[in-house]
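*Asks:* Here it is, the structure, as structure tokens.
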């Protein structure tokens, strides 16, 4: 009985085919695991951001929209030129919003006038990277009606600051263009106001403030947002990129702010210049 044996060439061909198939399977499996890991990490990240529970009254991550993910549905409406959502970490997963130059008016987000966005104790925080700065206070996140009513954080060509009922708190260092900054303002029941830049306390001020309950709007990407004859209007628009905006109805501690700064560095893979 004749038995036909495999030649060396045939064996090499079979081994090569098996190797190719194995590589395809491993790549697909690795890709699936990688996507699952990324999704799981982002879910955990969002859980951390929402860990303050009832304290977070507005959380905007700008994942291709300006929806509030705090659970209170304080969704923001885009005004002016259409913004661009740009990748922060992994394409398709982490995003930030880029506010372009005025064309013909600047772009900002009107987040409405739900009373929970105007608490007596408050923390506002955001990551921001300016593309352009001048001698105006370019607002990042605000619930100001005018320079004397409400509270806002902003960038100026000479400093990063906060305006609390007309009182100024500023970091004396001029901000750099195209560099990310983490900016936080807190206001407590004793009217203590603290400004933090990149996790560090840069200024304090004791000052009270009030709101205009009728026409006051919260906003992102402007210094003031208000209502004129039923229509939203704003001043001093920001030109650049904004991410991870938060409003809490409590004055966060230094440790909590430093924790958020560290988490933000990890999330958007920042490189400080």
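Every number here is computed from the coordinates shown, using simple stated rules; none is lab data. None of these values were measured; they are calculated from a predicted model. Using ideal geometry, Cβ is built from the backbone for each residue, glycine included, and neighbour counts are taken over all protein chains shown.
*Asks:* Given a Förster distance of 30 Å, report the FRET efficiency between residue 227 and residue 121 from their Cβ-Cβ distance, rounded to the nearest 0.05.
*Replies:* Rounded to the nearest 0.05, the efficiency is 0.75.
*Asks:* Quick check: residue separation of residue 210 and residue 177 times 0.36 nm, minus the Cα distance between them. What number comes out in nm?
*Replies:* This chain segment gains 8.6 nm when fully extended.
*Asks:* Classify region 55-268 from the C-alpha gyration tensor, please: rounded if a/c falls under 1.5, else prolate or oblate depending on whether a/b exceeds b/c.
*Replies:* rounded
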